[in-house]
1. Give me the percent relative contact order of the range 213-346, please, defined on Cα pairs under 8 angstrom at least 6 residues apart.
2. Send over the per residue convex hull volume for the chain, Cα only, as a whole number of Å³.
3. Using the Cβ atoms and a cut-off under 15 Å, what net charge is assigned to the surroundings of Ile244, where Lys and Arg are +1 and Asp and Glu are -1?
4. Report Asp274's accessible area, 1.4 Å probe, all protein chains in place, as a number in Å² to the nearest 10.
5. At 222 nm, what value in deg cm²/dmol follows for the chain if DSSP H runs of at least 4 each add -39500 (n - 2.57) and the sum is divided by all its residues, to the nearest 500?
6. Given a 1.4 Å probe and heavy atoms of the protein chains only, how would you sort Lys182, Lys462, largest accessible area at the top?
7. Where Lys and Arg each count +1 and Asp and Glu each count -1, what net charge lies around Cys305 among other residues with Cβ under 9 Å from its Cβ?
8. Ignoring ligands, DNA and RNA, what percent of the 1.4 Å accessible area of the range 213-346 is carbon and sulfur?
Amino acid sequence: MEKKRRLVAGDGEGDGGEASASPVCGLVERLPEVLLVEVVGRLELEAACAAAASCRALRGAAAAALSAVTSLDLSMFPPTNAILNRILAGNGVLRSLAVNCSLLDDSAVGAIAKGSLRELSLLKCLSFTSYLFVAVGERCKNLRSFVLEMAASDDDEHFGICRKSIAHIVRGCGYLENLSLKFFPLLGPGSVDFESLVPIPSTIKVLLLQPVSNWQAKRLFPISTSLKTSISNTLESLSLVLDIITDELVTFITESLHNLVELCLEDNPMKEPDLHNDLTNVGLQALGLCHNLAHLSLTRGKQNCSSTFRRVTDFGIMMLAEGCKQLKTIRLAGFSKVRDAGYAALLQSCKDLKKFEVSTGCLSDLTCLDLDEAAPKITEVRLLCCGLLTSETAISLSSCTNLEVLDLSGCRSIADSGLVSISQLSKLALLDLAGADITDAGLSALGNGKCPMSSLCLRGCKRISNNGVASLLCGSGTINKTLVSLDIGNVPRISGRAVTLIAKNCEQISSLCLRNCLLINDSSLETLGSMRHNSGKSSLKMLDLSYCSRLSRNFLGLFEPPFFRGLRWLGVGKNTLERRGCSPTVAELLERKPGLTVCGNACEMGCRNQCHPDIRRQ
């Protein structure tokens, strides 16, 4: 019986046996059922499930409340088949469901494929067969949005059958508007049978496919007038992860999809592209045919080879700026031949620009020198790994008074003088300074500033120390009340004192990265866990301790109940998993906390953009 209660609760941190005979529980059972259902219905899922384990009255109220839920997000919590079936049992009104499927298989399909669903997101799928696609296509007739993330299995034949079965979704769901299909890892060209989607239903407005080959993409969007389908007039957003982006493909897209509002193209070439089979200035000029285009992303990854869009120059970017003046979002990566003139042309020509991102670009402070006209509308700027930028750019960006997101990660010449200007941005919610040349004085400026910051990344800022964290969190500003996510990984002088300061001053923090902080030890974590337990706070959801080499072999014991309640993701690094003689082991900890995910793959926080087996399946 105890095991069942723990499965329902999801975190295994109940107070023990059922308390139906206790005086308190007796009082609860005297309350009207309608009142109990109303109270339990207002709780978070974890709290509702924990209440259900306490007595029969609250168990009945939780079941009634869960049966009336219309929207449920389990993306941060990997339920087992049993837990998911208990949560969704009897619910016939669920309209939106997002699930981390890393522990699920076909036994859960019956609970997932509900006829009432309008939105379904199945993330980190590892063990489903083609039955999933058939069931969703047959039962979810009113589905409007379907999002799938599926990892390749060891059984190539099984995975091949799955990826060839996706057509059941588009054939059976006649009202589908949003279709997102991601397969991990990025397999070879043509490895996923996206051709089975042709003709793409005319109801589709948003389409994301990963990975898709260049030749497959051209078959999806025929340029011949006689072959065009009605999707030419309905598709508004297209995102493709390809083997290579070429002028020909861009022309196919722009000439066949006239009403595109958003276009995101990413490629990862297996080898250096041929000069005559690549994206050039001609392709960028062709984008001018999309007169409604408001959001554009063109990026080249370097997972397979160190390649760039070497045939695109400032002239091509200027033609893009001239032809797409209506752009509101621009994201560019891998344009090694583009300089300040091209990027400045985009900032000057696109009068409605709100979001601007450039990665590994050869731009300097000159790009952002004159932002007077564009500044008031810009809300997000990301300039990643731009080695020529200095604090002058940060000072120039301080004129963007509505700036909410500023990412300067990898810009190693940003110094304290830039933070003095940034600290006066009254709407800034996210700031990423990874690798910047800042000191404790810069953190003091942020701590006394006006930024209502919820997310701050200081990873690799090697000149900051515990004193800087103290200045940041104990200053006259409001950051200690608004900060939800903090990354101080790979900072040599961060120790347990900084952890104590965070625990005392940031009760609302939910994500903390201490990766590769070599002074962090067991006592640091004991302080963090005990202080939060004593204060009754359980806001911490994600904690990254990868490569913290001073942690003992038994440090996982610090995460046993009742400490670190609410923790959903713990990064520990592969070396920790391979230690012998650990007590408790990872398996024992997860048995006591089934709602926790322990990652030993050194992933970024929350295993973003990663899909690998849960440790419980390894």
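1. Numbers: 270 pairs, mean separation 30.0, N = 134.
The value is 22 percent.
2. 157
3. After counting each charged neighbour, the total is -2.
4. In the full protein context, Asp274 sits at about 90 Å².
5. Working: 25 runs with 195 residues, N = 618.
-8500 deg cm²/dmol, from helical runs alone.
6. On the way: Lys182 45, Lys462 110 Å².
Most to least solvent-accessible, the answer reads Lys462, Lys182.
7. On the way: positive: Lys271, Lys302; negative: Glu272.
That sum, taken over residues with Cβ under 9 Å, equals +1.
8. In the range 213-346, the share of accessible area belonging to carbon and sulfur is 53 percent.
The values are calculated or read from the model by the stated rules, or taken from the named source; none is laboratory data. Since this is a predicted model, take the numbers as computed values, not measurements. Using ideal geometry, Cβ is built from the backbone for each residue, glycine included, and neighbour counts are taken over all protein chains shown. Ligands, DNA and RNA are excluded from the accessible area calculation, which covers all protein heavy atoms including side chains. Shrake-Rupley method; radii C 1.70, N 1.55, O 1.52, S 1.80 Å.
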